[in-house]
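Trainee: Have a look at this one before I ask anything.
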Amino acid sequence: MMNVNSINLQTFIPVLLFLFILLCIGFYAAQSVKNNSDFQKEYFLGSRNLGGVVLAMTLIATYGSVSSFVSGPGIAWDLGLGWVVFAAPQIITGFLILGVVGKKMAVLSRITGSLTVIDIIYKRFNSKTLSLLLALVLLIFFTAMTVGQFIGGAQIFAAITGLDYKAGLILFAAVTVIYTSGGFKAVALTDAACAILMLTGMFLLCGIIFDEAGGLDSIMSKISSINLNSEGVSRNLLPDADGALPYTLLFSAWLLVGFGTIGLPQSLVRCMSYKQTSDLHRAMIIGTIICGALMIGMTLLGVFARAVIEELPQNGTDSIIPTLIVTKMNPFLAGATLLGPLAATMSTVSSLLIAASSAVIKDIYGTFLGKNSADHSGKIRTLSIITTYTVGLIALLLALFPMDIVAWVNLFAFGGLETAFLMIILLGLFWQKMNTLGAFLSLGAGSISYITVMSLHINFLGFHNIVVGLFFAAVFAVIGSYIGKSNDEKTLKTFFPHKY
Amino acid sequence: MDKEALSTLITAAIITVYFWLTVLIFKDDISLTLFSMPLWFVLSCIGGYLLSIVAVIILVRKFMKNFSLTDFDDERKQH
């Protein structure tokens, strides 16, 4: 098989080809930005032109990240089918956000001229301070998540190609930032390409696992014989991994990676970017088919990998999938399979970067500092692209020289974003009584409670702490809405026309 | 749009309930297998996945309506 200590040139062939294709797509899409007179609408939202297929692919690619390919299956190798139970809520993730808020977001985005999620929130609650706070929350969490993705991607890149960690990181990070600076359409189209590679990566892994292990029967009988509990049953076959995954944790996964995903700003912005309702409908179906297949499939492959890699490698569960690829596949195939996690990383990063840029330019510079007028538009073009490069560079530096605090923030970035945004968006869009004070209190109480319990490692009966964060975010949203005064009639008429 | 949001939530809830029923009912007998895998797993995870596809197709075809989004582009210019 492969010499694990030297650079494998053959692994580079599919990788370099893919990176080149992504740059081409980015360049092609960037032409739309050059030719469009409404720069911001095209750069941050692709002029709301996404079709159903690309919408589905960009949602999935943005959501699925390096952990879907590396750390997730690694944990599944260890704990067994119970980890698939933890991942299972993602069978609803493909249609949930689109079905619940997709149409309202699209309609309101057009009526109010909003190009970002925070923009819509600003139009609803009319508070510049709220916009600033949400933009800062978004920036901090997105940067930490990007760094996490960069590190994860660089590790598997190095493991499979043999290239130095820093060199590989700079290579794919640079490509990602360059094509992201082409704008939203570049991000969406490259996301679609990445989603395809994520699927092929999964199928290649599936092939090698079944090939090496000799079929499902053989795999399952190997798994039944390990980690036996007191009743002689393998914990890898039990939904709660014989107690390692409490049912309370498994229930709360339906909030964390299920219902709570409605609050993710990087997904919400895509709800404003499609062209027609038929595109939304198509994306719901395609999204469900692909997202479920990827999430359940990759996790299950991690479980099955137990029959191929029988002992825990030196570097822990994160190295299971890389070890599998390096030791069992020929170099070219290994390079092609590497594209799965690499594509997952790059697609997530590109979406986070473009959204972070929009938060700086539209929400902080534009809304909070009030520099939205047309006079600034030429300057804004340059500033937007510089911002994309700057955020990307900061994340790259933090990945080249890792700091503990960034890893720490990344741990609660996902839940933190859901806690900050979910109730504000859901209640803001569907409940007339929700007001500005409610939004502030929701953000404050939710974020503080979530960060506190996560930092102090407090745990209630095994429930994931997202339950705490969302509970306080909801309760204080309601409290604030009853104490404070309602938003003005003009705003409410815009957001709830059917009630007037 | 509120009705469709509710329909979506109900669909998601039905899938959630189906998932947990199949796990809780079948989890205690590991000897029950289907395609070499534990029955609780095949019904809840694989079955749940297939159910989600059927459910979303029904949701979209029967409960969601098309309307023109460009109508709202014109409205914006009046604001």
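The values are calculated or read from the model by the stated rules, or taken from the named source; none is laboratory data. Computed from a predicted model, the values in this text were never measured in an experiment. Positions of Cβ are generated from backbone atoms using ideal geometry, with glycine treated the same way; all protein chains shown enter the neighbour counts. Each accessible area value is taken on the protein alone, full model and side chains, heavy atoms only, with ligands, DNA and RNA left out. Shrake-Rupley method; radii C 1.70, N 1.55, O 1.52, S 1.80 Å.
Trainee: Among what's in region A:224-260 and is part of a loop (DSSP other than H, G, I, E, B) and charged (D, E, K, R), pick the residue that is most open to solvent (accessible area, probe 1.4 Å). Walk me through how you get there before you give the answer.
Mentor: Here is the first cut: in region A:224-260, the ones part of a loop (DSSP other than H, G, I, E, B) are A:225-227, A:229-233, A:238-240, A:244-246, A:257-258.
Then keep just the ones that are charged (D, E, K, R); that gives A:231, A:240.
Details: A:Glu231: 151, A:Asp240: 32 Å².
This residue is A:Glu231.
Trainee: If a residue has to be closer than 18 Å to A:Val33 by Cβ, surrounded by 14 or more Cβ atoms within 10 Å (Cβ to Cβ) and of a type outside the set (D, E, K, R) to count, how many in region A:348-375 make the cut? It would help to see each step written out before you state the result.
Mentor: So the first thing to find is which residues in region A:348-375 are closer than 18 Å to A:Val33 by Cβ, and the list is A:350-351, A:353-358, A:360-362, A:366, A:374.
Subset that is surrounded by 14 or more Cβ atoms within 10 Å (Cβ to Cβ): A:350-351, A:353-358, A:360-362, A:366.
Right, trim to of a type outside the set (D, E, K, R) and you get A:350-351, A:353-358, A:360-361, A:366.
Of the residues in region A:348-375, 11 are closer than 18 Å to A:Val33 by Cβ, surrounded by 14 or more Cβ atoms within 10 Å (Cβ to Cβ) and of a type outside the set (D, E, K, R).
Trainee: If B:Phe41 satisfies all but one of (1) open to solvent by less than 30 Å² (accessible area, probe 1.4 Å); (2) touching a residue at least 40 places away in the same chain (Cβ under 8 Å), what's the number of the condition it fails?
Mentor: (2)
Trainee: Test of understanding: among A:Gly316, A:Gly287, A:Gly302, A:Gly340, which residue is in contact with a helix residue (DSSP H, G or I) (Cβ under 9 Å, 6 or more places away or on another chain), within 29 Å of A:Gly462 (Cα to Cα) and at pLDDT 95 or above? Even if it seems obvious, please write down each step before you answer.
Mentor: Values: A:Gly316 fails: at pLDDT 95 or above; A:Gly287 fails: within 29 Å of A:Gly462 (Cα to Cα); A:Gly340 fails: within 29 Å of A:Gly462 (Cα to Cα).
Sole residue among the options that is in contact with a helix residue (DSSP H, G or I) (Cβ under 9 Å, 6 or more places away or on another chain), within 29 Å of A:Gly462 (Cα to Cα) and at pLDDT 95 or above: A:Gly302.
Trainee: Another one. Right, A:Phe95: assigned to a helix (DSSP H, G or I), among the aromatic types (Phe, Trp, Tyr) and either touching a Pro at 6+ places or on another chain (Cβ under 7 Å) or within 14 Å of chain B (Cβ to nearest Cβ) (or both) or not? Steps first, answer last, please.
Mentor: Details: assigned to a helix (DSSP H, G or I): yes; among the aromatic types (Phe, Trp, Tyr): yes; either touching a Pro at 6+ places or on another chain (Cβ under 7 Å) or within 14 Å of chain B (Cβ to nearest Cβ) (or both): yes.
Criteria met by A:Phe95.
Trainee: How many residues are open to solvent by less than 40 Å² (accessible area, probe 1.4 Å), outside any helix (DSSP H, G or I) and not aliphatic (A, V, I, L, M) if we restrict to region A:136-165?
Mentor: Number of matching residues: 1.
Trainee: Confirm whether A:Ile140 is of a type in the set (Val, Ile, Thr), touching a residue at least 60 places away in the same chain (Cβ under 8 Å) and over 25 Å from A:Ala336 (Cβ atoms).
Mentor: Numbers: of a type in the set (Val, Ile, Thr): yes; touching a residue at least 60 places away in the same chain (Cβ under 8 Å): yes; over 25 Å from A:Ala336 (Cβ atoms): yes.
Judged against the criteria, A:Ile140 is a match.
Trainee: Can A:Thr176 be described as under 21 Å from the mean Cα position of the chain (by Cα) and surrounded by 22 or more Cβ atoms within 10 Å (Cβ to Cβ)? Talk me through it step by step, then tell me what you get.
Mentor: Values: under 21 Å from the mean Cα position of the chain (by Cα): yes; surrounded by 22 or more Cβ atoms within 10 Å (Cβ to Cβ): yes.
Judged against the criteria, A:Thr176 is a match.
Trainee: Only residues that are closer than 22 Å to A:Leu55 by Cα and open to solvent by 10 Å² or more (accessible area, probe 1.4 Å): list them for region A:183-206, please.
Mentor: Looking only at region A:183-206, we keep the residues that are closer than 22 Å to A:Leu55 by Cα, and these are A:183-202.
The answer is A:Lys185, A:Leu189, A:Ala192, A:Ala193, A:Ile196, A:Leu197, A:Leu199, A:Thr200, A:Met202.
Trainee: Within region A:261-279, can one find any residue that is surrounded by fewer than 24 Cβ atoms within 10 Å (Cβ to Cβ), in a loop (DSSP other than H, G, I, E, B), within 9 Å of chain B (Cβ to nearest Cβ) and without any contact (Cβ under 8 Å) to a residue 40 or more places away in the chain?
Mentor: Within region A:261-279, one or more residues are surrounded by fewer than 24 Cβ atoms within 10 Å (Cβ to Cβ), in a loop (DSSP other than H, G, I, E, B), within 9 Å of chain B (Cβ to nearest Cβ) and without any contact (Cβ under 8 Å) to a residue 40 or more places away in the chain.
Trainee: Being in contact with a strand residue (DSSP E or B) (Cβ under 8 Å, 6 or more places away or on another chain), farther than 19 Å from A:Val326 by Cβ, open to solvent by 10 Å² or more (accessible area, probe 1.4 Å) and within 14 Å of chain B (Cβ to nearest Cβ) is true for just one of A:Leu59, A:Leu50, A:Leu81. Which residue is that?
Mentor: On the way: A:Leu59 fails: in contact with a strand residue (DSSP E or B) (Cβ under 8 Å, 6 or more places away or on another chain); A:Leu81 fails: open to solvent by 10 Å² or more (accessible area, probe 1.4 Å).
So the residue among A:Leu59, A:Leu50, A:Leu81 that is in contact with a strand residue (DSSP E or B) (Cβ under 8 Å, 6 or more places away or on another chain), farther than 19 Å from A:Val326 by Cβ, open to solvent by 10 Å² or more (accessible area, probe 1.4 Å) and within 14 Å of chain B (Cβ to nearest Cβ) is A:Leu50.
Trainee: Identify, by number, the condition in (1) modelled with pLDDT of 95 or more; (2) open to solvent by less than 70 Å² (accessible area, probe 1.4 Å) that B:Lys27 doesn't meet.
Mentor: (1)
Trainee: Further, regarding this structure: Under 30 Å from A:Leu50 (Cα atoms) and within 7 Å of chain A (Cβ to nearest Cβ): which single residue out of B:Ile53, B:Ile10, B:Ile30, B:Ile58 fits that description? Working first, answer last.
Mentor: Numbers: B:Ile10 fails: within 7 Å of chain A (Cβ to nearest Cβ); B:Ile30 fails: under 30 Å from A:Leu50 (Cα atoms); B:Ile58 fails: within 7 Å of chain A (Cβ to nearest Cβ).
It is B:Ile53.
Trainee: I would also like to ask the following. Where residues in region A:383-420 are in contact with a Leu (Cβ under 7 Å, 6 or more places away or on another chain) and under 30 Å from A:Phe476 (Cβ atoms), which of them is most open to solvent (accessible area, probe 1.4 Å)?
Mentor: Only one residue fits best here, namely A:Val406.
Trainee: Residues in region A:448-500 that are in contact (Cβ under 8 Å) with a residue 60 or more places away in the chain, under 21 Å from A:Asn435 (Cα atoms) and open to solvent by 60 Å² or more (accessible area, probe 1.4 Å): how many?
Mentor: Matching residues across region A:448-500 total 2.
Trainee: Quick one: A:Ile209 ticks every box in (1) more than 17 Å from the chain's Cα centre (by Cα); (2) open to solvent by 40 Å² or more (accessible area, probe 1.4 Å) bar one, so which box is it?
Mentor: Tallying (1) more than 17 Å from the chain's Cα centre (by Cα); (2) open to solvent by 40 Å² or more (accessible area, probe 1.4 Å), A:Ile209 fails exactly one: (2).
Trainee: Given the residues B:Leu69, B:Leu39, which is the only one that is modelled with pLDDT of 90 or more and more than 9 Å from chain A (Cβ to nearest Cβ)?
Mentor: Numbers: B:Leu69 fails: more than 9 Å from chain A (Cβ to nearest Cβ).
One residue alone meets the criteria, B:Leu39.
Trainee: Would you check if A:Thr116 is over 29 Å from A:Pro331 (Cβ atoms), modelled with pLDDT of 95 or more, open to solvent by 20 Å² or more (accessible area, probe 1.4 Å) and of a type outside the set (A, V, I, L, M)?
Mentor: For A:Thr116, the condition - over 29 Å from A:Pro331 (Cβ atoms), modelled with pLDDT of 95 or more, open to solvent by 20 Å² or more (accessible area, probe 1.4 Å) and of a type outside the set (A, V, I, L, M) - is not met.
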